[in-house]
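Notes follow once the structure below has been shown.
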Amino acid sequence: PKDPTGSPIADSIKIKKEVASAFVKRHKRSTLYSEYYKNPMEQMHERCENYPPCDYLSDQIGFSMAYNHFFG
């Protein structure tokens, strides 16, 4: 098969699949589970951040102590 323009250079541009994949990164397909699942620590942080007294106290004494004070 020849290049439609008749150029002999098109044949010399071919590269191996492994080399091409180093340049082109495909996005992995994520499952619904991984998109919507949050780990327990992240859920705890969000719960504390959404409650202003806990959020304020976490800046003063640390997250884990503030979370345990209000929700523990």
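See the values below:
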{"item": "Pair H45, F70: separation of 7 Å Cα→Cβ label points (nm)", "result": "1.6"}
{"item": "Difference of contour (0.36 nm per residue) and Cα-Cα distance, V19 to Y56", "result": "8.1 nm"}
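We did not get these values from a lab; they are worked out from the coordinates using the rules stated. Fair warning: this is a prediction, and the values are worked out from it, not measured in the lab. Note that each Cβ is placed from the backbone with ideal geometry, even for glycine, and that neighbours are counted across all protein chains shown.
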